[in-house]
1. Please list 96-106, 29-39 highest first by mean number of surrounding beta-carbon atoms within 10 Å per residue.
2. If you rank M108, M87 by fewest surrounding Cβ atoms within 10 Å, what's the result?
3. Between T105 and K66, with labels modelled 7 Å along Cα→Cβ, what's the label distance in nm to one decimal, could you check?
4. Please compute the net charge surrounding V73, taking Lys and Arg as +1 and Asp and Glu as -1 over other residues with Cβ under 10 Å from its Cβ.
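Each value in this text was obtained by applying a stated rule to the coordinates, not by laboratory testing. Only a predicted model underlies this, so the values are computations on that prediction, with no experimental measurement involved. Neighbour counts run over all protein chains shown; Cβ positions are idealised from the backbone, glycine included.
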Amino acid sequence: MRLAQDDREGHPREPGRLDQIQKLDLILGEGPNDVIRLDTLGVPSVALCSNNITREQAEKAATPAKELGNGVVTIMLDCDEEGLNGMKQCLGYIAQLTPVRMAWTDRMHMPRSTGYNPSQSRSRDGRKSKVF
């Protein structure tokens, strides 16, 4: 089983991406569309291709975070019920291997975040989101 971005151009191990990973941590998304959308914003990420994580995927996420970045994995799954359950599972598995944090939760911006999907990230007025 592989993470979604193992074979794509723009792989997190490319030299231009290492600075971003060190600055932003390794971002772990839910699906390929999340990776593609974050890539258009210049943010390297990898995807689970699911809203659940296996122990093998947790190890595969922790390894590049330690080797390439500052050792932290940021979980950025969809902010719907399934994604929130998946974030809890990710926290449990990845926290055993390396520091981990959540990009958001449903409680951070309720009720407007319910069902939020990072592959659809745009500002409230329809403009593209900015990356800081």
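1. Put in order of decreasing packing, that is 29-39, 96-106.
2. M108, M87
3. Going from the T105 label point to the K66 one covers 2.7 nm.
4. Value of the local net charge: +1.
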